[in-house]
Amino acid sequence: MLRTPFYGKMLAAGAKMVEFTGYELPIQFESTGIIAEHKAVREKAGLFDVSHMGEIYLCGRDAFATIQNLITNDITTLKDGAARYTLLPNEDGGVVDDILVYRIHAEEYLLVVNAANTAKDAAWIEARLLGDTEFENASPATAQLALQGPLAIEIVKRFIPAADIPEKGYTFKTLSLNGEQLILSRTGYTGEDGFEFYSSNEFAEPLFELLMEHGKPLGMLPAGLGARDTLRLEAGMPLYGHEMNEETLCHELGLDFTIKMGKESFIGKKALLEKPPQYQRLGFKMVERGIARENCAVFDGERQIGHVTSGTHSPTLGQAIGMVRVEKDFNASTVWVEVRNRKLKAEIVPLPFYKKNK
């Protein structure tokens with residue numbers, strides 16, 4: 001298995017390691033556990049090793065045109081120092097991946113892709129470059145830490161000058177820290193305010209130590225994949241391989257804000273125009289006792305209408321929640337979820353389950 005540049009530091013902090021997308025990554029930490037790590041992110045801050053994510057640079061006069069053709073969203077209005085969430089569709093309208101596009105300047109962009117899809121995405125993108133577009137898969141040379149939580153901004157202020165801190169969500173800054181070049185972005189995957197630090201592998205350990213030095217006094221905890229999953233589910237955020245895959249049509253996800261059909265063209269547009277959505281993504285909470293996990297069958301009365309894509313017990317809400325992929329014409333307020341050969345009642349609820357400050 002692969003190891004990130006933070007492997008030693010995470011192990012020393014008491015990480016319990018598991019295999020994830022070919023990497024050894026922390027699932028939780030021995031002295032805290034998933035619930036405590038989740039709570040730290042909701043109330044203070046948590047620090048995640050996300051170096052397994054992929055980073056791809058596209059540069060050149062035609063980089064913009066290449067990206068416009070590759071994605072469902074429109075980056076015409078994207079400014080320098082801003083990021084945009086989008087889907088990467090295939091010719092049939094399915095989802096190759098969901099990614100972030102960072103505009104460094106008019107002829108240089110950073111695409112951040114899901115860890116499990118890095119090799120696939122890199123090959124997909126490189127095969128579809130237009131004109132003067134240079135491609136670089138910088139994933140192996142890039143370390144990434146995610147700092148999430150309401151106190152994340154206070155921690156960052158302790159060692160980053162104010163002028164180098166992104167002022168709002170989905171923006172980023174390129175800066176120098178202790179002689180090293182970093183990208184500091186402000187996006188996140190937990191429903192909280194937060195930052196991502198992109199650095200060289202060589203600067204990974206000093207960066208981790210800096211964050212621990214300034215974050216620990218404010219209650220920041222290192223956190224693992226377990227808490228990351230419960231946090232993202234509470235925030236109603238889809239996960240590739242669960243809520244979407246190459247067979248899932250882009251317009252079946254409730255992410256229509258990322259699909260700009262007014263664009264002249266993009267890969268998969270024709271298919272999306274010709275294929276009406278057959279399914280929809282909805283949120284639910286369990287009414288009867290039980291936790292519905294991925295792939296549990298979902299029924300409307302006696303008729304199966306879909307399945308659970310993600311499910312867990314919400315530490316913040318104190319109840320079992322999840323997301324389902326069900327037929328598009330379903331519009332009732334309750335469903336029945338099959339859990340261990342028993343059909344349990346669940347209530348359809350709006351997404352997200354949790355919003356900060358509410």
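The values are calculated or read from the model by the stated rules, or taken from the named source; none is laboratory data. Here the structure is a predicted model, which means the values were calculated and not measured. Neighbour counts run over all protein chains shown; Cβ positions are idealised from the backbone, glycine included.
Looking only at region 154-168, count how many residues are under 17 Å from residue 84 (Cβ atoms) and surrounded by 13 or more Cβ atoms within 10 Å (Cβ to Cβ). Before you say what the answer is, go through the steps one by one.
Restricting attention to region 154-168, the residues satisfying the condition of being under 17 Å from residue 84 (Cβ atoms) are 166-168.
Now drop any that are not surrounded by 13 or more Cβ atoms within 10 Å (Cβ to Cβ), which leaves 166.
Going through region 154-168 one residue at a time, the tally reaches 1.
Restricted to region 107-130, and to residues that are of a type outside the set (Ser, Thr, Tyr) and part of a strand (DSSP E or B), which residue is surrounded by the most Cβ atoms within 10 Å (Cβ to Cβ)? In this case the residue turns out to be 113. All of 112, 50, 96 fail the test of being in contact with a Phe, Trp or Tyr (Cβ under 8 Å, 6 or more places away or on another chain) and closer than 23 Å to residue 174 by Cα, apart from 112. Could you please let me know if residue 174 is touching a helix residue (DSSP H, G or I) at 6+ places or on another chain (Cβ under 8 Å) and touching a residue at least 40 places away in the same chain (Cβ under 8 Å)? No: the conditions fail for residue 174. Taken residue by residue, region 73-84 has no member that is modelled with pLDDT of 95 or more, of a type outside the set (A, V, I, L, M) and under 23 Å from residue 23 (Cβ atoms). Within region 296-307, the set of residues being of a type outside the set (Asp, Glu) and assigned to a strand (DSSP E or B) comprises 297, 298, 299, 303, 304, 305, 306, 307. With respect to residue 310, is the statement that it is in contact (Cβ under 8 Å) with a residue 24 or more places away in the chain, part of a loop (DSSP other than H, G, I, E, B) and hydroxyl-bearing (Ser, Thr, Tyr) true? Considered against the rule, which asks whether it is in contact (Cβ under 8 Å) with a residue 24 or more places away in the chain, part of a loop (DSSP other than H, G, I, E, B) and hydroxyl-bearing (Ser, Thr, Tyr), residue 310 comes out as no.
If we scan region 268-275, do we find a residue that is among the charged types (D, E, K, R), within 23 Å of the chain's Cα centre (by Cα), surrounded by 13 or more Cβ atoms within 10 Å (Cβ to Cβ) and modelled with pLDDT of 95 or more? Please lay out each step first, then the result.
Initial filter on region 268-275 (among the charged types (D, E, K, R)): 269-270, 274-275.
Those still in the list that are within 23 Å of the chain's Cα centre (by Cα) too: none.
No, because not a single residue in region 268-275 is among the charged types (D, E, K, R), within 23 Å of the chain's Cα centre (by Cα), surrounded by 13 or more Cβ atoms within 10 Å (Cβ to Cβ) and modelled with pLDDT of 95 or more.
Do we find a residue being aromatic (Phe, Trp, Tyr), under 20 Å from the mean Cα position of the chain (by Cα) and surrounded by fewer than 19 Cβ atoms within 10 Å (Cβ to Cβ) anywhere in region 54-72? Checking region 54-72: at least one residue is aromatic (Phe, Trp, Tyr), under 20 Å from the mean Cα position of the chain (by Cα) and surrounded by fewer than 19 Cβ atoms within 10 Å (Cβ to Cβ).
Taking residue 93 as the residue in question, decide whether it is touching a His at 6+ places or on another chain (Cβ under 8 Å) and farther than 17 Å from residue 187 by Cβ.
Yes: the conditions hold for residue 93.
Can you list the helices (runs of 4 or more DSSP H) lying wholly within region 1-104 that have 1 or more residues being more than 30 Å from residue 263 (Cβ to Cβ) and out of contact with any helix residue (DSSP H, G or I) (no Cβ under 6 Å at 6 or more places or on another chain)? I'd like the intermediate steps shown before the answer.
Details: elements: 7-12, 34-43, 63-70.
Of the helices (runs of 4 or more DSSP H) lying wholly inside region 1-104, those with at least 1 residues that are more than 30 Å from residue 263 (Cβ to Cβ) and out of contact with any helix residue (DSSP H, G or I) (no Cβ under 6 Å at 6 or more places or on another chain) span 7-12, 34-43.
The residue that is surrounded by the fewest Cβ atoms within 10 Å (Cβ to Cβ), among those in region 328-349 that are not hydrophobic (A, V, I, L, M, F, W, C) and not in a loop (DSSP other than H, G, I, E, B), is 342.
For region 172-208: of the residues being of a type outside the set (S, T, N, Q) and in a loop (DSSP other than H, G, I, E, B), which is surrounded by the fewest Cβ atoms within 10 Å (Cβ to Cβ)? Don't jump to the end; show me each part of the working.
Kept after step one, since they are of a type outside the set (S, T, N, Q), are these residues of region 172-208: 172-173, 175, 177, 179-180, 182-184, 186, 188-189, 191-198, 202-208.
In the following step, the residues that additionally are in a loop (DSSP other than H, G, I, E, B) were identified as 179, 186, 188-189, 191-193.
Numbers: 179: 6, 186: 22, 188: 23, 189: 18, 191: 22, 192: 22, 193: 18.
Filtering region 172-208 for residues that are of a type outside the set (S, T, N, Q) and in a loop (DSSP other than H, G, I, E, B), the one surrounded by the fewest Cβ atoms within 10 Å (Cβ to Cβ) comes out as 179.
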